[in-house]
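In what follows, a single structure is set out as structure tokens and then discussed.
All of the numbers you see were taken from the coordinates with simple rules; none came from a lab. None of these values were measured; they are calculated from a predicted model. Every residue, glycine among them, receives a Cβ derived from its backbone with ideal geometry; neighbour counts consider all protein chains shown.
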């Protein structure tokens, strides 16, 4: 068994059904625990987005939301949605919206934990994130360190490989696509 076959087997199991089940279960659990915060406080969240601050040095709610959205929407969202619609048809839109609504409670919990466990440095700037609430909230410093290692590995290697793969897969339908050459060329030039 070669490495590509092994990685494909792991991906096939981890992505579906395990990831879908975990994401849906977490979303349903957090939706129930927060009494549907993503629906119940939807109009309040819209109102807060357009609330103005008198402090010139602060970030507005709208600016924070736009930065947050920019950090979450990537090629996976763009290519993933188009692939889902191509393979699953219009019904895929229904399931994506359903997972979006259910998953919004998970995003709310994650953002809330980040606010609760953030730290302030000597210059008054805040820092924090999942590693901090794993370390402090769960009292698991070793798990937080392991999370950091996996996160750095994912961003340094995994996301670049995923973006490169997604980009090269968009060329499969074209006549110039050669499965043994085109992925290597795109992979070599992807970072540039």
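Mean separation of Cα pairs under 8 Å and 6+ residues apart, divided by the residue count of the chain: what relative contact order is that in percent?
Values: 103 pairs, mean separation 32.0, N = 192.
Normalised by residue count, the contact order of the chain is 17 percent.
If R0 equals 35 Å, the separation of the Cβ atoms of residue 64 and residue 18 corresponds to a calculated FRET efficiency of about 0.60.
Efficiency by 1/(1 + (r/R0)^6): what FRET value for residue 41 and residue 73, r their Cβ-Cβ distance, R0 = 22 Å, to the nearest 0.05? Show your work: numbers first, answer last.
On the way: r = 22 Å, r/R0 = 1.00.
Calculated transfer efficiency: 0.50.
Can you compute the modelled spin-label distance between residue 32 and residue 186, with each label point 7 Å from Cα toward Cβ, in nm? Those two pseudo-labels are separated by 4.2 nm.
With the simple spin-label model, which puts each label point 7 Å out from Cα in the Cβ direction, the residue 55 to residue 83 separation comes to 4.2 nm.
Under 19 Å from a label point set 7 Å out along the Cα-to-Cβ vector of residue 160, the amide N atoms of segment 62-106 belong to 74-76.
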